Structures are given as C-alpha cells and as structure tokens.
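Right, one structure below, let's go through it.
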Ligand SMILES: [Zn+2]
C-alpha cells in the first residue's frame, strides 16, 4: 500500500455512485491525476470542500493502478471570491479546462501547475481585463508552445511593418513569408507589442496591463487560433467564456 502527500488544484469533478466523486486533479509533482473520493457527497464529509473545482488543497493519496484514492484532504485556498461571481467562475472554468486539454495523465508539469495556481490567485483578487490572455500565453510557454514573436517565425528576419500572425508557422511572420501561408493574417504592431509584454510579464503583474478595444479583440483572435492549432479541436469553454464576456461588455 503506497500513500503519498501532494499539493493539488482541482480541475473537474463528477458524481460517482451514491456518495462518491471522481475528481481530476493537477498535482504539483505528479501531473494530472484521476482520483476517487469516497463519501465526499455525504452531508458531514470533512473532505467535501477540498474537492470542489479550482480548490487548492493538500491531499493524501493512495496510489492505484488506474485511479488514485483520496485518503485525506485539507483546503489550502478555496478561492471563495471566484465562486461568488459569474465571470470569474467562467474564467476559472476556462483555465482549468485548458489545462486539462494541454496535459496528459501522470506526466509531471510543475510549470503548468504554477501558472494555473497563480492565475486562480489573480482571479480571486479581481478579474484583470487581460488575465485570460496572459494565462493563455503563460500556459503556451509552460507547455513549450509559446508563439515566436522576435522576428519572422519562418525566415527569422525582423518584422518592422506589415506584420502577420500564423498559427501553423507558430507566431509572427513577415509579409513575404505570409504570402505562402494559408492561415497568415495581418496583425497590428501594437498587438504584437502586447503579446511580447504578456510573454515577459509575470502573472501577478498582469493587473498593470490593458489593451484598447480593437486591439484586445485582435489579441484574443490570434492567441485563440494559436491555441486551437496546438489542440487541434475546439474547447467548449471558449464559447461559454465568449458568451459571458459578451454579457458583461454590454
Ligand atoms: Zn519571413
């Protein structure tokens, strides 16, 4: 019988049987783990709060062949401020879903863990306008997919004017390389500068960044295409988040 202790963030949870839950956790050292949490839906369960989505918890797990079993759990941060507000809730859901899509079970990704935890902390402090974009950029970087923004991703020449962005090329491309890429689209140099700032700035400084209206839409479009190209599928939270952003910008 092998027990081990680790810190986790809860990505998702499903009801299982009468009183249990199947919980997908991102562990600091062990990557994404599927965990059976017995009895956590009983009214007096002391572990119930620790398996709610987005919760940062310390857990004691029993290593199973395919599923871990939860033995003890202690909430380190429940991020209450996220649960009380619909847009923050949607963003946290989006962050966790993206992490879920970008990770494999039992493959350690300490950088991704750090990025997710920091993004949830920032979100609990208050929704910064560019936090979702900053999170996307940091997640791409942590998984080795950061867009190339210093010069053209194809020919490496500096791109001083008529910049384009191509998800298939992996970032910024010059005008002549763009001509031979089907998915290259023009991008303003202002948006490229914001992308560069998002790459360089730690997540806890993202509150200091803002983008004017057309630029933030352009940023979102290009980053999203870059993400989707890496994932090769659509992420349900994209639509959900868009819907909420639409509601709140009216
Ligand atoms: Zn080029």
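Any read-out appearing in this document is the output of simple, stated calculations on the displayed coordinates, not a laboratory observation. Quick caveat: nothing in here was measured; it's all calculated off a predicted structure. As a convention, Cβ positions derive from the backbone with ideal geometry for all residues, glycine included, and neighbour counts pool all protein chains shown.
FRET efficiency for the residue 44 to residue 107 pair, using the beta carbon distance and R₀ = 35 Å, is estimated at 0.45.
Computed from the C-beta positions of residue 239 and residue 3 and an R0 of 30 Å, the FRET efficiency is 0.15 to the nearest 0.05. Between rounded, prolate and oblate, where does the stretch 125-250 land on the alpha carbon gyration tensor, with a ≥ b ≥ c its root eigenvalues, rounded for a/c under 1.5, else prolate if a/b exceeds b/c? Cα axes put the stretch 125-250 in the prolate bin. For the chain, what class follows from the C-alpha gyration tensor (a ≥ b ≥ c being the square roots of its eigenvalues): rounded when a/c is under 1.5, otherwise prolate if a/b is larger than b/c, else oblate? Verdict is prolate for the chain.
Can you tell me the FRET efficiency between residue 150 and residue 210 if r is taken as the Cβ-Cβ distance and R0 is 22 Å, rounded to the nearest 0.05? Intermediate values should be presented prior to the final figure.
On the way: r = 23 Å, r/R0 = 1.06.
That pair, residue 150 with residue 210, gives E of 0.40.
Classified by the C-alpha gyration tensor, the stretch 1-110 has an oblate form. Its axis ratio a/c, with a ≥ b ≥ c, is 1.5 or above, and a/b does not exceed b/c.
Where does each of 62-68, 139-145, 48-54 land if you order them by average Cβ count within 10 Å, highest first? It would help to have the intermediate numbers written out before the result.
Numbers: 62-68: 12.9, 139-145: 17.4, 48-54: 19.9.
Highest to lowest by the protection proxy: 48-54, 139-145, 62-68.
Axis angle, to the nearest 10 degrees, between helix 110-125 and the longest C-alpha principal axis of the chain: 90 degrees. Mean separation of Cα pairs under 8 Å and 6 or more residues apart, divided by the residue count, gives the stretch 33-138 a relative contact order of 23 percent. Peptides 180-188, 83-91, 28-36 ranked from most to least packed give 28-36, 83-91, 180-188, packing being the mean of other C-beta atoms within 10 angstrom over each peptide's residues.
Multiplying the sequence separation of residue 12 and residue 69 by 0.36 nm and subtracting their Cα-Cα distance, what value in nm do you get?
Details: separation 57, 0.36 × 57 = 20.52 nm, distance 1.55 nm.
Here the segment from residue 12 to residue 69 would lengthen by 19.0 nm.
If we sort 236-242, 97-103 on the protection proxy, mean other Cβ atoms within 10 Å, highest first, what's the order?
Values: 236-242: 15.1, 97-103: 19.7.
Ranking the peptides 236-242, 97-103 by packing returns 97-103, 236-242.
Ordered by the count of other Cβ atoms within 10 Å of each Cβ, fewest first, 208, 93 give 208, 93.
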